[in-house]
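Each remark here refers to the structure printed beneath this line.
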Amino acid sequence: MNAQTLWDLSSETLRDLYYYECYLEKLVGRLNWTGTSASGLATITSAASGVAGWTLWSSEEGKVLWAVLSGAATVTAALATAMRVADQHKKYEQLRQEMAVLRGEVEEFRNSLRLGKPFAQAQSEYAQLTKRCIQCVAKISPTVFAVKLAGAAQDEAIRQLQNKGYMLREPS
């Protein structure tokens, strides 16, 4: 292994971290939307809002609308509870922040390679960074949103990497 190999490996690690950070950002956003939707529907159909529902109940269309809203609120609340949306939101937001810090450390590591960090020291530091990266990725559990969000996260990561001007390879 040489400095160029470390550079190439750190490029892959950086791309992976951008991807996971984007994925987690999108996942947190989706979980937030799900939790907010469940809360909003529950609020609309709560007992306090039931008074407003009386006006809807006076017409056939209103009765159907109220039944649909109540059913949607019940289903959404049940799904949000079953999916542990609030717990997952907190877990994945913390993990996204951890990934962002780790990404910054990989960027600093790459800068130190450019400045000629001694190879043995760089090799040891990279081993620690990759170990932490693997530990972070292992904390990501599959979710119902995973497939849909994966493609969007990949596109966002590529866009961010291009905007920052990262090259796949840099001369040694």
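Note down the net charge around Cys133, summing +1 for each Lys or Arg and -1 for each Asp or Glu among other residues with Cβ under 12 Å from its Cβ.
Every neighbour counted, the sum reads 0.
Set the Förster radius R0 to 25 Å, insert the Cβ-Cβ distance between Thr5 and Glu105 as r into 1/(1 + (r/R0)^6), and round the FRET efficiency to 0.05.
0.85
Any read-out appearing in this document is the output of simple, stated calculations on the displayed coordinates, not a laboratory observation. These numbers were taken from a predicted model, which means no experiment stands behind them. Counting neighbours? That spans all protein chains shown, and the Cβs are built from the backbone with ideal geometry, glycine included.
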